[in-house]
Ligand code: AMP
């Protein structure tokens with residue numbers, strides 16, 4: 001099937017040609033005619049399937065008739081994160097290049113004033129994160145009663161991030177008669193309930209991952225001790241020794257760890273940027289852009305910040321922390337090996353991670369192969385983006401102490417390492433001299449990611465409010481009490497055993 005058979009307007013077809021797309025993806029082929037027929041659609045599809053164009057292209061066609069009124073957007077797209085919202089806004093620039101439509105991005109972390117001015121001018125397409133949207137609505141700056149089309153994107157991610165109460169409130173502000181498109185990667189019962197509430201007689205469109213989904217990703221796990229500096233040291237060796245290295249995303253479970261690791265890698269001369277929810281919007285945008293355009297080779301990120309982002313051609317994924325949720329592992333490693341390319345995903349596993357690894361292996365239906373210890377890299381790998389060599393002999397710890405020094409009184413001095421137990425420090429031994437093997441010996445495995453709709457293995461999640469999209473008290477707007485608390489990123493502050501001060505871990509002799 002070709003795009004011209006889907007019922008899209010000439011202007012849209014022109015933009016698709018300019019984008020170089022030859023044929024619609026399965027989700028586009030199946031969803032677009034129904035969207036144009038004004039049916040509600042339940043789309044079960046992941047990022048990478050072309051789902052954004054599946055709703056943007058017919059929206060553009062439909063919006064050619066009619067015009068926007070002040071403060072009354074004609075259509076509304078809800079996204080769980082600012083980055084995803086910005087990415088959808090970019091899609092409108094690309095596919096809407098032949099249109100003159102007012103597109104407004106209403107996200108947290110940027111000034112209200114500019115957003116307010118845009119709303120006043122009249123908006124054809126409003127792309128928003130739920131918290132900031134409700135803030136504008138509560139201030140009386142936004143009326144959703146003229147909204148003809150509501151799109152809820154990444155609904156399962158909204159659930160993870162505790163946005164469902166906000167989504168339900170927004171659902172009551174848009175007219176009952178609107179058309180609704182609802183996209184989710186998985187279909188847990190709670191999402192099914194929301195879908196049943198929001199959609200009227202929907203067409204269900206379900207696509208498995210693209211043909212390249214069963215791509216060959218070489219996976220491996222490396223045992224590390226629990227000490228932060230030891231893990232960072234292992235990571236550096238893995239990066240330096242990585243074969244066919246182009247660039248890498250390094251995932252941490254906590255924002256604090258993202259910041260710490262970023263500082264550490266930079267101080268060791270790596271070309272790295274960080275992405276987590278506590279960074280201001282301009283830093284987040286700049287980090288993503290420099291990773292996308294290749295000027296930064298390493299992106300250190302948390303799950304919440306990185307999920308769903310369209311970052312093409314990543315050669316390596318490193319799990320600096322084992323994710324607590326096994327489905328996050330699948331999402332993380334799915335960042336590499338895209339579009340038919342091969343990729344490598346390596347997970348650093350500390351002793352306390354046993355349960356998490358077992359859950360991942362159960363979900364994947366196969367073990368993550370154990371890897372040997374990474375060899376020390378005496379000369380830096382230019383491809384890794386490292387800018388200066390680290391000639392420190394294996395075993396010397398002084399450079400760990402220098403981490404973060406560049407930033408005056410660096411936080412590292414007061415961070416976790418301050419509490420490290422010297423007696424538990426273990427250097428990873430280098431490979432035997434003359435051993436002619438890659439620093440990263442791994443067994444290639446072909447992964448089948450869990451199918452959309454199968455969420456049985458997903459552990460229950462508590463509702464939470466995302467930290468990076470906070471409902472700040474604005475003027476006389478109260479923060480709602482009793483709201484669910486953020487989970488993953490806020491877990492930065494939650495004790496889980498890894499952040500215990502060293503004195504609590506020392507053996508104690510109690511005298512009778
Ligand atoms: P998405 O799943 O919406 O994040 O899209 C993933 C990537 O696929 C984006 O980089 C799009 O530019 C690209 N894409 C979307 N539709 C097509 C198509 N029909 N042909 C080729 N690439 C596409």
Q) Which condition does residue 46 not pass, out of (1) surrounded by 21 or more Cβ atoms within 10 Å (Cβ to Cβ); (2) away from the ligand (no atom under 16 Å from the Cβ); (3) over 21 Å from residue 166 (Cα atoms), if it passes all the others? A) (2)
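Out of the strands (runs of 3 or more DSSP E) lying entirely within the stretch 27-121, which hold 1 or more residues that are within 18 Å of residue 11 (Cβ to Cβ)? Break it down into steps so the answer makes sense when it comes.
Values: elements: 41-44, 75-78, 103-106.
The strands (runs of 3 or more DSSP E) meeting that bar are 75-78, 103-106.
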Q: Taking residue 253 as the residue in question, decide whether it is crowded, with 23+ Cβ neighbours inside 10 Å, modelled with pLDDT of 95 or more and either farther than 30 Å from residue 108 by Cβ or in contact with a helix residue (DSSP H, G or I) (Cβ under 9 Å, 6 or more places away or on another chain) (or both).
A: no
Q. Restricted to the stretch 1-12, and to residues that are more than 26 Å from residue 182 (Cβ to Cβ) and either assigned to a helix (DSSP H, G or I) or without any contact (Cβ under 8 Å) to a residue 12 or more places away in the chain (or both), which residue is nearest to the ligand (Cβ to nearest atom)?
A. 4
Q) For residue 178, all conditions in the list (1) over 20 Å from the mean Cα position of the chain (by Cα); (2) in contact (Cβ under 8 Å) with a residue 60 or more places away in the chain hold save one; what is the number of the exception? A) (2)
Q) For residue 79, all conditions in the list (1) more than 20 Å from residue 289 (Cβ to Cβ); (2) modelled with pLDDT of 95 or more hold save one; what is the number of the exception? A) (1)
Q.
Need the failing condition index for residue 103 against (1) free of Cβ contacts under 8 Å to residues at least 40 places away in the same chain; (2) away from the ligand (no atom under 16 Å from the Cβ); (3) out of contact with any strand residue (DSSP E or B) (no Cβ under 7 Å at 6 or more places or on another chain), just the number.
A. (3)
Q. Of the residues that make up the stretch 22-36, is at least one within 30 Å of residue 136 (Cα to Cα), within 15 Å of the ligand (Cβ to nearest atom) and either surrounded by fewer than 21 Cβ atoms within 10 Å (Cβ to Cβ) or assigned by TED's automatic domain parsing to the domain that holds residue 131 (or both)?
A. yes
Q: Being modelled with pLDDT under 95 and buried (at least 23 other Cβ atoms within 10 Å of the Cβ) narrows it down to one of 118, 51, 100, 65, so name that one.
A: 51
Q.
Which pairs turn up if I take residues in the stretch 39-55 that are over 13 Å from residue 88 (Cα atoms) and look for partners that are near the ligand (Cβ under 7 Å from one of its atoms) with beta carbon separation below 7 Å, at least 6 apart in sequence or on another chain?
A. 43/51; 45/51; 49/25
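Given the criteria touching a helix residue (DSSP H, G or I) at 6+ places or on another chain (Cβ under 8 Å), under 19 Å from residue 87 (Cβ atoms) and touching a residue at least 12 places away in the same chain (Cβ under 8 Å), does residue 198 qualify? Before you say what the answer is, go through the steps one by one.
Numbers: touching a helix residue (DSSP H, G or I) at 6+ places or on another chain (Cβ under 8 Å): yes; under 19 Å from residue 87 (Cβ atoms): no; touching a residue at least 12 places away in the same chain (Cβ under 8 Å): yes.
No, not satisfied.
Would you say residue 262 is under 23 Å from residue 334 (Cα atoms) and surrounded by 19 or more Cβ atoms within 10 Å (Cβ to Cβ)?
On the way: under 23 Å from residue 334 (Cα atoms): yes; surrounded by 19 or more Cβ atoms within 10 Å (Cβ to Cβ): yes.
When the stated conditions are applied, residue 262 passes them.
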Q: Quick one: residue 96 ticks every box in (1) more than 16 Å from the ligand (Cβ to nearest atom); (2) over 19 Å from residue 27 (Cβ atoms) except a single one, so which number is it?
A: (1)
Q.
For the stretch 232-250, which positions are modelled with pLDDT of 90 or more and closer than 17 Å to residue 372 by Cα?
A. 232, 233, 234, 235, 236, 237, 238, 239, 240
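The values are calculated or read from the model by the stated rules, or taken from the named source; none is laboratory data. Remember, predicted model here, so these are calculated numbers, not experimental data. Heads up, the Cβs are rebuilt from the backbone with ideal geometry, glycines too, and the neighbour counts pull from every protein chain shown.
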